[in-house]
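Asks: This is the structure, below, for whatever I ask next.
Computed from the coordinates by the stated procedures, all read-outs in this text should not be read as laboratory data. Note that the structure is a prediction, hence the values are computed from the model and not measured. FYI the Cβ positions are ideal-geometry reconstructions off the backbone, even for glycines, and counts take in every protein chain you see.
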Amino acid sequence: MDLQLTPEQIEIRDAARKFAQKEIAPVAAHFDETGEFPRETVMKMGQLGFMGIEIPEEYGGAGLDTVCYVLALEEISKADAAHGTIMSVNNSLVCHGLLKFGTEEQKRQWLAPVASGRYIGAYSLTEPMSGSDAGTMRSRAVRDGDYYVINGRKSWVSSGPVADVIILFTMTAPEKKHRGITAFIIDPRQPGFVLGKVEPKLGIRASATCEIVYEDYRCPVENRLGEEGEGFKIAMTILDAGRIGIAAQALGIAEAAYEASVKYCQEREAFGQKIGEFQGLQWMLADMKTRIEASRLLIYNAALAKERSKVTGERYTLEASMAKLYASETAMWVTTKAVQIHAGMGYSKEMPIERYFRDAKITEIYEGTSEIQRLIIARQILGELAK
Ligand SMILES: Cc1cc2nc3c(=O)[nH]c(=O)nc-3n(C[C@H](O)[C@H](O)[C@H](O)COP(=O)(O)OP(=O)(O)OC[C@H]3O[C@@H](n4cnc5c(N)ncnc54)[C@H](O)[C@@H]3O)c2cc1C
C-alpha cells in the first residue's frame, strides 16, 4: 500500500482542515444544541467542492480521488460529525449512486446540482419495520403507464427534511423479497411527498433526520435508477462506498477526542502532578493512538481498493466493511476513554468531549451495524458457509 500522499491530496486535506477549524468548529456546539440544519456552512462546503469530491468536473464535482475524499471528510468530522454526515451522505450515497447507476440524462439533471452542492441529497432504504433486513420493506411502487405510484413510510432519512433529491428504495415485486426492490430518484417537490416526524437524536443532532411518507406519489419511469429488481444490488453497492465515508467520519471524531485528551493530560494536575504522569492515563493515550492509526490504515486500504475498482470494476466490500467496523468501534472506544480522562469536564457541556462521545455512537449503527459488518466480513471470508 502506497501511503505517500500526493501534493493534491495534501492540498485538499489542508484546505478542509483550515475551513473546518475556522468555520465549522466555532458553530458546532450551537447547532448540536439547537438541532438546526447548518445551511450556511454546508453551502460553503459545496462552494469548496466538498459535496461531490470524486465526481468528474463535467458533472459538477471536484474530480478528485477517494483518498482526497477520506482526508477531507476526516477533517470536517473532526470539527463536527454532523457536518460529516451531511457531506458523507451527499458524496457517497447520492453522488456515487447517481454516477454509477444513472443514465446520462439523470446525471445531467440530478447529479450535477448535487455534486456542486446546489442541491442536498438523501438516501432512503430504511423503514420503521425494516432496518438491517431490507428484504422485509413494506413500501410499494406500482407501475401505472409512464409512472410508478409509490406508497409507504420510510424512516431515518438523513438530510431528509432539507433534501432536494432522494434516492429511494422500494418494492416493485414484494414476493421476490430483496430481489423485488427497485431504486428511484425522488423529487420532493411533487405531490404525495410528505415529510414525517423529525427524529429526536442522541448525537449528530445538526444532521436533519426524519420520516418520509409517500401517498400516491407519482414517479415518472425516467426517474427509475437502474432496472426493476436491481434496487438491492444498487443499495448495497452504494453502501460499500458509504462505509468508507463513515469510517473516515469515525476517524475524525476519534482524532478530535484523542487530541483533546493529550492536551488535558499535559495541563490538568492531581496529587501535585500532571495527570499525564499517571501510567494509567498514559496507557489509555497509547491505545487511543494505536487504534486511530490502525483505523487510518484500514481506511486508506479501502480508499485505494475503491480507486482500483474504478479501473477493474471489482467490488471492495471486504475492505470497506473492515474499515467501517474497526474505525467506528475505535471512535466509540476512544471517546469513552476521552470522557474518562476529562472526568467531570468530560461529562460537561462546557467542553466538546461529551459531544464526541454522543456523536461516535452512530458510526456503529448506520450504513450497517457492527453486527452486520461482521456478518459481511465473515461471508467474504467463508462464502456460502457463512450464509
Ligand atoms: C441517526 C441515524 C441516521 C440514519 N440515516 C439513514 C439514512 O440516511 N438512510 C437510511 O436508509 N437509513 C438510515 N438510518 C437507518 C440505519 O441504517 C439503521 O438504523 C440500521 O441499518 C439498523 O437498522 P435498525 O435500526 O432497524 O436495527 P435492526 O435491524 O432492527 O437491528 C436491531 C439489532 O439487531 C442486530 N441484528 C440485526 N440483524 C442481525 C443479524 N443478521 N445478525 C446479527 N445481529 C443482527 C443489529 O445489529 C442490532 O443490534 C439511520 C439511522 C440513524 C440512527
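Asks: Provide the net charge surrounding GLU11, with neighbours chosen by a C-beta distance below 14 Å and charges set as Lys +1, Arg +1, Asp -1, Glu -1. Please list the in-between numbers first.
Replies: Details: positive: ARG13, ARG17, LYS18; negative: GLU8, ASP14, ASP65, GLU75.
Value of the local net charge: -1.
Asks: While we're on this one: With each pseudo-label sitting 7 Å past Cα toward Cβ, what's the GLU11-TYR347 distance in nm, one decimal?
Replies: Here the answer is 4.9 nm between the modelled labels.
Asks: Reachable lysines from LYS274, Cα under 16 Å, same-chain residues fewer than 8 places away excluded?
Replies: Within the straight-line limit of under 16 Å, LYS274 reaches these lysines: LYS263.
Asks: Quickly work out the GLN4-to-GLN273 label distance, labels modelled 7 Å from Cα along the C-beta direction, and quote it in nm with one decimal.
Replies: With each label point 7 Å from Cα toward Cβ, the separation is 4.3 nm.
Asks: Still on this structure, please answer the following. Helix by helix, which DSSP H runs in the chain go 30 Å or more along their axis at the Cα atoms and have an average Kyte-Doolittle hydropathy of -0.5 or more?
Replies: In the chain, the long hydrophobic H runs are 231-267, 279-312, 317-346.
Asks: Still on this structure, please answer the following. Which cross-chain or sequence-distant (5 or more) residues have an amide H under 5 Å from the amide H of ARG143, H modelled 1.01 Å from N in plane?
Replies: VAL149
Asks: Would you kindly state how much longer the chain becomes between GLU259 and GLU57 on full extension, computed as 0.36 nm times their sequence separation minus their alpha carbon distance, in nm to one decimal?
Replies: 69.2 nm
Asks: Under a point spin-label approximation (7 Å from Cα along Cα-to-Cβ), what is the SER309-TRP283 distance to one decimal in nm?
Replies: Inter-label distance under the simple model: 3.9 nm.
Asks: Pull out the extension gain between GLN266 and VAL221, defined as 0.36 nm times the separation in residues minus the alpha carbon to alpha carbon distance; nm, one decimal. Each step should come with its number before you reach the end.
Replies: Values: separation 45, 0.36 × 45 = 16.20 nm, distance 6.14 nm.
That works out to 10.1 nm of additional length.
Asks: Right, something else. Which of the aspartates and glutamates could be linked to LYS107 by a straight reach, that is with a Cα gap under 13 Å, when you skip same-chain ones fewer than 8 residues away?
Replies: List returned: GLU57, GLU58, GLU222.
Asks: Which of the residue pairs LYS176/LYS233; LYS176/LYS324; LYS177/LYS310; LYS324/LYS349 have a Cα-Cα distance greater than 21 Å in the structure shown?
Replies: Correct reply: LYS176/LYS324; LYS177/LYS310; LYS324/LYS349.
Asks: Now for a different question. With each run of n ≥ 4 DSSP H residues scored as -39500 (n - 2.57), what mean residue ellipticity at 222 nm is computed for the chain after dividing by its residue count and rounding to the nearest 500 deg cm²/dmol?
Replies: Working: 12 runs with 188 residues, N = 387.
Rounded to the nearest 500, it is -16000 deg cm²/dmol.
Asks: Could you compute the FRET efficiency for GLU175 and ALA378, with r as their C-beta to C-beta distance and R0 at 41 Å, rounded to 0.05?
Replies: Here the calculated transfer efficiency is 0.90.
Asks: Before anything else, pin down the relative contact order of the chain: Cα pairs under 8 Å, at least 6 apart, normalised by residue count, whole percent.
Replies: Contact order relative to length: 16 percent.
Asks: Further question: Calculate the FRET efficiency for GLN340 and ALA29 from the Cβ-Cβ distance with a Förster distance of 25 Å, rounded to the nearest 0.05. It would help to have the intermediate numbers written out before the result.
Replies: On the way: r = 21 Å, r/R0 = 0.84.
For GLN340 and ALA29, the calculated efficiency is 0.75.
Asks: Here's another thing I want to ask about it. If each residue's Cβ is checked for other Cβ atoms within 10 Å, how do TYR123, TYR366, TYR347 rank with the fewest at the top?
Replies: TYR347, TYR366, TYR123
Asks: Also, I was wondering about something else. Summing Lys, Arg as +1 and Asp, Glu as -1, what charge do residues with Cβ under 14 Å from the Cβ of ASP287 carry, ASP287 excluded?
Replies: With Lys, Arg at +1 and Asp, Glu at -1, the neighbours total +1.
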